[in-house]
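What follows is calculated from the coordinates using simple rules that are stated; it is not laboratory data. Predicted, not measured: the structure shown is a model, and the values here were computed from it. Cβ coordinates were reconstructed from backbone atoms using ideal geometry, including for glycine residues, and neighbour counts include every protein chain displayed.
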Amino acid sequence: MLFVFPTQVRYFFTMAPMRFALDVILIDERGEVVEVIEKAQPGVPNLAVSNPYKYVLELNAGTVHAHGIRVGDGMRATGIGRP
């Protein structure tokens, strides 16, 4: 799932309602990965974040490791339009 915010923010994310672990990638307005949370566990009320971000990409747990995604990597989304 991709979350898009109108400006850079620094909200906490919650895993409380989830039933499975996820990898969470925080991306700034330039498309740079600013934080990676691997295997965020279900039931965690708030995931602390250190950096402001504009986009949050949630992926299946293990995807970050499998693809070698790291802070500083560039991310680009194509084919995403407004409804």
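Any residue in the stretch 2-20 that's under 15 Å from residue 39 (Cα atoms): show its pairings with residues that are in a strand (DSSP E or B) at Cβ separation under 6 Å, as long as the two are six or more apart or on different chains.
Listed by first residue and then by second, the contacts come to 13/47; 15/40.
Here is a yes/no grid of residues against (1) surrounded by 13 or more Cβ atoms within 10 Å (Cβ to Cβ); (2) part of a loop (DSSP other than H, G, I, E, B); (3) among the basic types (Lys, Arg):
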position	(1), (2), (3)
11	yes, yes, no
17	no, yes, no
20	no, yes, no
26	yes, no, no
30	no, yes, yes
36	yes, no, no
44	yes, yes, no
49	yes, yes, no
56	yes, no, no
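So residue 28 clears everything in (1) more than 11 Å from the chain's Cα centre (by Cα); (2) free of Cβ contacts under 8 Å to residues at least 60 places away in the same chain except one condition, right? Which one?
Result: residue 28 passes all but (1).
Of the conditions (1) in a strand (DSSP E or B); (2) exposed (fewer than 12 other Cβ atoms within 10 Å of the Cβ); (3) β-branched (Val, Ile, Thr), residue 78 clears all except one; give me its number.
Result: residue 78 fails condition (1) only.
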